[in-house]
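Derivation of every value follows stated rules applied to the coordinates shown; laboratory data play no part. Just so it is clear, the model here is predicted, and its values are computed rather than measured. As a convention, Cβ positions derive from the backbone with ideal geometry for all residues, glycine included, and neighbour counts pool all protein chains shown.
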Amino acid sequence: MLHIINATVENQPGVLARIVSLFSGRGYNIETLNVGPSADPMLSKMTITLHGDSHVIEQVSKQLNKLIDVIKVVELTSVEHLERELILVEVATPKEKRGEVVELAALFEAKIVGVSERSLTLQYIGTKAQVENFVKLLRPYTIMDLSRSGLIAVARGD
């Protein structure tokens, strides 16, 4: 099962390296990792996704909480939360297929952010499942390049 962990950490050099080392040292694979500033410039927010059972997540949370630079760890999978991921995808669009790709983009409310003679570059923001579905539907048109931001998430309510 995919789990989402939010960690609030001190905005200091080396914090990311220590956290990644914690995961790799225990043989846990991070599926996505997103780090950015929080509302407090002294703190950063990390959203980490990984596969594992409840025991793995419990161990990861305990180990993260032991790190001095970690302020707070929240496992979001089991609480109400909002999640989003951004992708940029360049799709080959020969003249006879360009209209189909434009139509698919419109159905998903994706934005066309780049146009060339042979391709369109699309921007799409959605949940992990929505992004994967969008990419799946684009595959027949030949994906030339694809970049994903990784998941970001916040808890809802209290």
*When you have a sec, figure out the Kirkwood radius of the chain from all distinct Cα pair distances and drop it here in Å to one decimal?*
17.4 Å
*Taking only Cα atoms, what is the 0 to 90° angle, nearest 10, from helix 54-66's long axis to the longest principal axis of the chain?*
60 degrees
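So what is the 222 nm mean residue ellipticity for the chain from helices alone, if each DSSP H run of at least 4 adds -39500 (n - 2.57) and you divide by all residues, rounding to the nearest 500 deg cm²/dmol? Mind showing how you got there, number by number?
Values: 4 runs with 49 residues, N = 158.
-9500 deg cm²/dmol, from helical runs alone.
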*One-quarter of the Cα convex hull surface for segment 2-75, in nm²?*
4.3 nm²
*Take the alpha carbon atoms of segment 85-158, find their center, do the same for segment 1-54, and report the distance between the two centers in whole angstrom.*
26 Å
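Compute the longest continuous run of the chain that contains no exposed GluC sites (Glu not before Pro); treat a site as exposed when its DSSP state is not H, G, I, E or B and it has at most 11 other Cβ atoms within 10 Å.
Values: sites that count: E80, E109, E117.
Longest stretch, sites excluded: 1-79.
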*Long-range amide H contacts for L86: which residues qualify at under 5 Å (H placed 1.01 Å from N, peptide plane, sequence gap of 5 or more or a different chain)?*
S149, G150
*Collect residues whose amide H, placed 1.01 Å from N in the peptide plane, falls under 5 Å from the amide H of V113; neighbours closer than 5 in sequence don't count.*
T121, L122, Q123
*Compute the acute angle (0 to 90°) between the alpha-carbon long axis of helix 128-138 and the principal axis of greatest extent of the alpha-carbon atoms of the chain; round to the nearest 10°.*
30 degrees
*Excluding residues fewer than 8 places away in the same chain, name every one of the aspartates and glutamates whose C-alpha is closer than 12 Å to that of K95.*
E117
